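One structure below.
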Amino acid sequence: MTSAQSPVPRLLLTPEEAGESLGVSRSLVYELLRSGRLESVRIGTCRRIPIRALEAFVDELRLKAVAQPTPHPVHIWDRPAS
């Protein structure tokens, strides 16, 4: 590959790479895969996570966050005196 060519975009990530992208551990990625919350594909014996599956997972998290009302933050001065 010459410096003028752009790299081929990755379509699939390893569970480790997916964890890095999400900022979570590899163990949590495997837990999400087992629960069916995160989609994966197999190529032979290798498990790979499509980039689109990561994007869909994050979109789902964002929609849930918007749907749930944010609790009113409690400040020290709001607490009753003991």
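Here are the numbers for this structure:
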| item | result |
| --- | --- |
| Those residues of segment 3-41 which are of a type in the set (A, V, I, L, M) and touching a Gly at 6+ places or on another chain (Cβ under 8 Å), in sequence order | Leu28, Val29 |
| Complete set of residues in segment 26-39 that are exposed (fewer than 13 other Cβ atoms within 10 Å of the Cβ) and more than 12 Å from Phe57 (Cα to Cα) | Ser27, Arg34, Ser35 |
| Selected residue [under 25 Å from Arg10 (Cα atoms), at pLDDT 85 or above, of a type outside the set (Ser, Thr, Tyr) and surrounded by 10 or more Cβ atoms within 10 Å (Cβ to Cβ)] from Arg52, Arg42 | Arg52 |
| Check on Thr70, among the hydroxyl-bearing types (Ser, Thr, Tyr) and modelled with pLDDT under 95 | yes |
| Qualifying positions in segment 1-36 - closer than 14 Å to Pro50 by Cβ and either assigned to a loop (DSSP other than H, G, I, E, B) or among the polar types (S, T, N, Q) (or both) | Pro9, Arg10, Leu11, Thr14, Ser21 |
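The values are calculated or read from the model by the stated rules, or taken from the named source; none is laboratory data. Everything numeric here is computed off the predicted structure, so don't read it as measured data. No Cβ is skipped: glycine too gets one built from the backbone with ideal geometry, and neighbour counts run over all protein chains shown.
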